[in-house]
Amino acid sequence: MSTAARAKKTARVTGRTVVALLAVTTLVFSGYFWTALRLVKQNTNTTQILQVLEDIPNSPPVEDGAIDILLVGSDSRTDAQGRPLPEDVLRKLRTEGTDTVNTDTIIVMRVPRNGGKASAISIPRDTYVPIAGYREDKINSAYGAVKYLTAERLQAEGVSDQQERERQSDEAGRKALVQTVQDLTGMRVDHYAEINLYGFYLLTEVIGGVQVCLKAGTSDPNSGANFRAGPQTISGGDALSFVRQRNMPGGDLGRIARQQVFMSQAMKQLLSAGTFTDPGKMSGLLDAVSKSVVVDQKLDLATLATQAQGLATGNVEFATIPVTSIDGRNERGQSIVTVDREAVKAWVAQLIGETPKPAPSSTTPGIPSRFGPEKLLSLDGAHAVAAARQDVPCVD
């Protein structure tokens, strides 16, 4: 055999070996990942929310061409089993002990069934809307207010078991939030996923912090925020302060921009930190999940994991509903975000492709241009390249 032939044969063998090694590596990683996913599923708390959603009046059609997942960040001062958090934990969270529950992050993740790009639609926490079974109020109070009223009613009816009251009142609060989101957006909520403050804190500790970037230094004594300008890595209480700071440009809309960037970076870090193959990190992740995450019983965690990868790679487009004012006041003197509810539904229908998009020169009636339906973050194409170059987009 000639030297050239031997070299060609060696190259073929080497190539096959490399391909085989890559295949084995992929299978091993996949094995770790799916084993980890099964462990996560075993440690995840579930809710029967889908069963109580069946009787919500005027719900949108079940089949609308996509899976819509309501992602909720709760400031509950209890763990996922309803047990009060210890005082030392509350201090770490930089928050006070209280019986109220507010949902500070409300996002509808829309996953088209045809494999198209997913969308993450944010709703400002102070959006002023009618809440079924309560009154017109900020959307972030829907869960907590209805939960409290339901717990009071159950106690008056003689339900003495505290855990049972907690379970039923939680379901009522979640139902009220889902109904409010559906009424506002016109979207049908197919699945529900919730994480509380404690889980958020633990998750950022497990993955070694999250990279963020600020355009300017900022501080807020109420949330404990105290950050310099430029890129930095934050975790624990600092991470909570970063996404909960209130005295910032744009108010609720500015906070949402931070949350959107933070979510993308957190998913990148989770998937690149060897979490699923590191026993110590995996143990920490399972602990965080068991103490803080609640999902509906039918939610496929594989679907959620796929979308987490989409967040990390930029294959999810973030957007925020249009609002008419970020500095309104209600009759009780509270600061609120006002919306034109019909305009919101029309904008959502355009975003998800149910109605044709208007010509570039047209505007949504009733929506001032500075608060128009605007995408705050889209990490694909040129944006993805720019983000990769600077590691993380800088925000206010």
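The values are calculated or read from the model by the stated rules, or taken from the named source; none is laboratory data. Model, not experiment: these values are computed from the prediction. We place every Cβ from the backbone using ideal geometry, glycine too, and count neighbours over all the protein chains shown. Note: accessible area is taken over every heavy atom of the protein model, side chains too, but ligands, DNA and RNA are not part of it. Shrake-Rupley method; radii C 1.70, N 1.55, O 1.52, S 1.80 Å.
State the extension gain, in nm to one decimal, for the chain segment bounded by D396 and K215, taking 0.36 nm per residue of separation less the distance between their alpha-carbons. Can you show the working numbers first?
On the way: separation 181, 0.36 × 181 = 65.16 nm, distance 0.54 nm.
Working it through step by step, the gained length comes to 64.6 nm.
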- Note on the structure: Taking alpha-carbon centroids only, the range 121-162 lies from the range 256-293 a number of Å equal to 29
- Note down the accessible area of C213, probe 1.4 Å, to the nearest 10 Å². 10
- Mean Cβ-within-10 Å packing, highest first, puts peptides 116-125, 159-168, 320-329 in the order 116-125, 320-329, 159-168
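Could you calculate the contour length gain from N222 to D88, that is, 0.36 nm times the residue separation minus the distance between their Cα atoms, to one decimal place in nm?
Working: separation 134, 0.36 × 134 = 48.24 nm, distance 1.83 nm.
Gain in length upon complete extension: 46.4 nm.
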- Arrange the peptides 106-113, 254-261, 43-50 so that the one whose residues have, on average, the most other Cβ atoms within 10 Å appears first. 254-261, 106-113, 43-50
- Message: Using a 7 Å offset from the Cα along the Cα-to-Cβ direction at both Q51 and R38, what is the distance between the two label points in nm, to one decimal?
- Response: 2.7
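Based on the mean of other beta carbon atoms within 10 Å per residue, what is the order of 240-247, 339-346, most packed first?
Details: 240-247: 21.0, 339-346: 18.9.
Listed from highest to lowest mean packing, they are 240-247, 339-346.
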- Item | Electrostatic dipole magnitude of the range 197-306 [Cβ: Lys, Arg +1; Asp, Glu -1; Cα centre; debye, to 20] | 300
- Starting from the Cα of R332, step 7 Å along the direction of its Cβ; do the same at E136; then give the gap between the two resulting points in nm. 1.4
- Message: Test of understanding: what is the full-extension gain from T233 to N58, defined as 0.36 nm times their sequence separation minus their Cα-Cα distance?
- Response: 58.5 nm
- Distance from a point 7 Å along Cα→Cβ of R113 to each backbone N in the range 163-205: keep the residues under 13 Å and list them by number. 190
- Given H placed 1.01 Å from N in the peptide plane, which residues other than close sequence neighbours of Y192 have an amide H under 5 Å from its amide H? L70, D296
